[in-house]
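Everything on this sheet refers to the single structure shown next.
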Amino acid sequence: MKWLLTVPVSTDLGDLAARLSTIGGTLLDVDPIPLGDDERVVQAEGPHDLGTRVAGLGLPIEAYPSSEFELGG
């Protein structure tokens with residue numbers, strides 16, 4: 001299942017990818033999309049409960065199920 005994650009601009013995407021892998025997620029290799037001055041949107045794949053798993057990481061990230069469209073692609 002694909003997910004859209006809103007993350008602070010300062011988020012190290014390498015670290016995020018590593019943390020997502022510990023909860024069954026994969027950060028997709030798609031350029032982040034700016035969301036205002038402080039956040040950006042990245043794409044991930046993971047299980048249907050990835051949003052709950054991301055919340056358990058304790059990071060300032062919000063996860064939303066993705067629709068059928070692809071960002072940046």
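Using the rule -39500 (n - 2.57) for each DSSP H run of four or more residues, divided by the residues of the chain, the 222 nm mean residue ellipticity is -6000 deg cm²/dmol. In this entry, the chain is assigned a mean projected area of 4.4 nm², taken as a quarter of its C-alpha convex hull surface. Assuming charge only on the beta carbon of Lys and Arg (+1) and of Asp and Glu (-1), the dipole of the chain about its Cα centre is about 260 debye to the nearest 20. Given a 1.4 Å probe and every protein chain left where it sits, what share in percent of the accessible area of the chain is carbon and sulfur? Of the solvent-accessible surface of the chain, carbon and sulfur hold 53 percent.
The values are calculated or read from the model by the stated rules, or taken from the named source; none is laboratory data. Worth saying up front: this structure is predicted, and the values here are computed from it rather than measured. Every residue, glycine as well, gets a Cβ built from its backbone with ideal geometry; the counts of neighbours run over all protein chains shown. The area values use the complete protein model at the heavy-atom level, side chains included, leaving out ligands, DNA and RNA. Shrake-Rupley method; radii C 1.70, N 1.55, O 1.52, S 1.80 Å.
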